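J.: There's a structure below that I have some questions on.
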Amino acid sequence: MKYVDEFRQSKVLTRQLTELRQSVTQRWVIMDVCGGQTHAFLRYGLEGALDDVLELIHGPGCPVCVTPAETIGDAMELTLNHHVTLASFGDMLRVPGATGSLLQARARGADVRIVYSPMDAVQLAVRNPAREVVFFGVGFETTAPATALALLQARQLGLTNFSVLDHHVRVEPAMRAILQLPNCRVQGFLAAGHVCTVTGFAHYEELVRGFQVPIVVTGFEPVDLLSGLSECVRLLEQKTPALENRYSRSARPTGNARAQQLLDEVFQVATIPWRGFGRIAEGGLRLRAEFQSFDARVRFSLESAVSDHDGECQSGLVLSGQIKPPQCPLFGNACTPDQPRGAPMVSSEGACAAYFRYAQTVEASSE
Ligand code: SF4
């Protein structure tokens with residue numbers, strides 16, 4: 001398949017791995033920022049194959065994982081107390097909040113539906129004019145434009161029974177927050193290529209200059225990942241922190257102007273809470289005042305109760321790269337994908353789920 005097969009060729013991968021291993025003089029600590037990259041590193045056995053020469057750690061690049069318990073609490077309140085039809089992506093249903101998960105709410109009779117795009121939620125509202133339909137919209141800058149489009153469509157259709165509980169987050173402020181942690185160990189970043197396709201990546205220059213950390217825009221196939229890693233290692237070895245793009249088939253410095261225009265029209269930058277991080281300055285998007293009538297928080301007078309419901313779950317440490325999932329005492333025994341104790345074990349992009357699923361790959365590759 002074009003654009004896939006050529007990025008998975010074993011001959012190319014073997015050569016890349018050999019060259020990369022030869023170029024390393026110390027065990028650099030490099031963080032990928034995207035859950036898709038985390039899963040690919042583990043799925044293809046790359047982390048295990050490099051573990052003796054590089055330490056790969058994984059950042060907060062899973063939107064379901066970083067959605068805080070209080071936002072899940074808001075969603076629960078909407079379904080259980082305001083009796084709305086709540087439309088959400090599937091992974092969100094299993095994430096535990098302070099009063100349970102949306103899946104449990106559904107078992108108690110709440111009307112919670114799985115949708116595959118925000119437009120499906122708009123269609124639900126069109127087909128059910130007597131029902132209040134709320135779309136639970138989470139995700140990075142990659143999914144926020146689709147939520148923006150849905151809102152514009154709802155406004156054009158004159159819908160009065162549709163609103164959005166939004167928790168869209170921005171990647172760059174989270175990278176900054178990680179670099180500002182007193183015990184930050186990150187020496188280089190692989191930036192998420194798909195996010196850069198929307199936002200561009202020129203704005204990362206400030207992080208590179210301010211923190212003297214190399215950032216390499218990287219894709220998701222194994223050849224992409226090793227290409228990004230090699231470039232990051234080259235910059236670290238030469239002590240020349242810089243911003244480089246190894247995903248040029250998709251990402252440009254200024255990104256996708258149309259998608260950015262959509263985001264600007266509907267959202268404004270806001271300081272919002274992240275699971276495991278607390279509030280991150282400019283870490284997310286909230287609806288502009290012009291779209292207040294579509295804002296579920298306003299329409300249903302939600303007052304998010306601040307919650308630190310993570311309990312024994314160490315998702316904050318996992319999401320900021322301070323520990324790897326197997327270092328959590330609950331990993332693989334009290335916490336599994338069937339019985340998740342925290343969001344990173346639920347989500348298809350969560351680091352704990354990736355380690356659980358591909359643990360044998362890691363062990364086999366590192367032997
Ligand atoms: S293994 Fe489970 S309890 Fe531990 S950090 Fe991951 S999700 Fe949380």
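J.: Can you find a residue that is in a loop (DSSP other than H, G, I, E, B) and in contact with a Lys or Arg (Cβ under 8 Å, 6 or more places away or on another chain) anywhere in segment 243-258?
T.: Kept after step one, since they are in a loop (DSSP other than H, G, I, E, B), are these residues of segment 243-258: 246-256.
Subset that is in contact with a Lys or Arg (Cβ under 8 Å, 6 or more places away or on another chain): none.
No.
J.: Please enumerate the residues belonging to segment 107-155 that are open to solvent by less than 70 Å² (accessible area, probe 1.4 Å) and assigned to a strand (DSSP E or B).
T.: The initial filter retains those residues of segment 107-155 that are open to solvent by less than 70 Å² (accessible area, probe 1.4 Å), namely 109-112, 115, 117-122, 124-126, 128, 132-148, 150-154.
Listed by number, the residues that qualify are D111, V112, V133, V134, F135, F136, G137, V138, G139.
J.: Another question about this same structure. Looking only at segment 345-354, filter to residues that are open to solvent by less than 40 Å² (accessible area, probe 1.4 Å) and within 17 Å of L102 (Cβ to Cβ); which one of those is nearest to the ligand (Cβ to nearest atom)?
T.: First, the residues of segment 345-354 that are open to solvent by less than 40 Å² (accessible area, probe 1.4 Å): 345-347, 350-354.
The next check asks that each one be within 17 Å of L102 (Cβ to Cβ); those that pass are 345-347, 350.
Values: M345: 4, V346: 8, S347: 9, G350: 7 Å.
Result: M345.
J.: Determine which single condition C62 fails, assuming it passes every other condition in (1) buried (at least 24 other Cβ atoms within 10 Å of the Cβ); (2) more than 21 Å from V195 (Cβ to Cβ); (3) not aliphatic (A, V, I, L, M).
T.: (2)
J.: Looking only at segment 55-95, which residues are of a type in the set (V, I, T), over 16 Å from the mean Cα position of the chain (by Cα) and not in a helix (DSSP H, G or I)?
T.: If the condition is that a residue be of a type in the set (V, I, T), over 16 Å from the mean Cα position of the chain (by Cα) and not in a helix (DSSP H, G or I), then V84, T85 are the ones that fit.
J.: Quick one: L236 ticks every box in (1) at positive phi; (2) surrounded by 22 or more Cβ atoms within 10 Å (Cβ to Cβ) except a single one, so which number is it?
T.: With (1) at positive phi; (2) surrounded by 22 or more Cβ atoms within 10 Å (Cβ to Cβ) applied to L236, the lone miss is (1).
J.: Which one of these does T67 not meet: (1) crowded, with 22+ Cβ neighbours inside 10 Å; (2) at pLDDT 95 or above; (3) among the polar types (S, T, N, Q)?
T.: T67 satisfies every listed condition except (2).
J.: Look through V115, V64 and report the one residue that is closer than 21 Å to L285 by Cβ and free of Cβ contacts under 8 Å to residues at least 40 places away in the same chain.
T.: Working: V64 fails: free of Cβ contacts under 8 Å to residues at least 40 places away in the same chain.
Exactly one residue qualifies, and that residue is V115.
J.: Kindly provide the set of residues from segment 207-234 that are out of contact with any Ser or Thr (no Cβ under 9 Å at 6 or more places or on another chain) and within 18 Å of G59 (Cβ to Cβ), ordered by number.
T.: L207, V208, G210, F211, V213, I215, F220
J.: Continuing with this model, one more query. Can you work out which of the residues in segment 319-336 that are closer than 15 Å to R357 by Cβ and not in a loop (DSSP other than H, G, I, E, B) is farthest from the ligand (Cβ to nearest atom)? Walk me through it before giving the result.
T.: Taking segment 319-336 and keeping what is closer than 15 Å to R357 by Cβ, we get 324-326, 331-332, 335-336.
Add one more test, that the residue is not in a loop (DSSP other than H, G, I, E, B), and what stays is 325-326, 331, 335.
Numbers: P325: 5, P326: 8, F331: 4, C335: 3 Å.
Within segment 319-336, the match that is farthest from the ligand (Cβ to nearest atom) is P326.
J.: Still on this structure, I have one more. So, of the residues in segment 280-318 that are touching a helix residue (DSSP H, G or I) at 6+ places or on another chain (Cβ under 6 Å), within 13 Å of the ligand (Cβ to nearest atom) and open to solvent by less than 40 Å² (accessible area, probe 1.4 Å), which turns out to be modelled with the lowest pLDDT?
T.: Result: S315.
The values are calculated or read from the model by the stated rules, or taken from the named source; none is laboratory data. A quick note: this is a predicted structure, and the numbers were derived from the prediction, not measured. Using ideal geometry, Cβ is built from the backbone for each residue, glycine included, and neighbour counts are taken over all protein chains shown. In case anyone asks, the SASA skips ligands and DNA or RNA and just uses the protein heavy atoms, side chains included. Shrake-Rupley method; radii C 1.70, N 1.55, O 1.52, S 1.80 Å.
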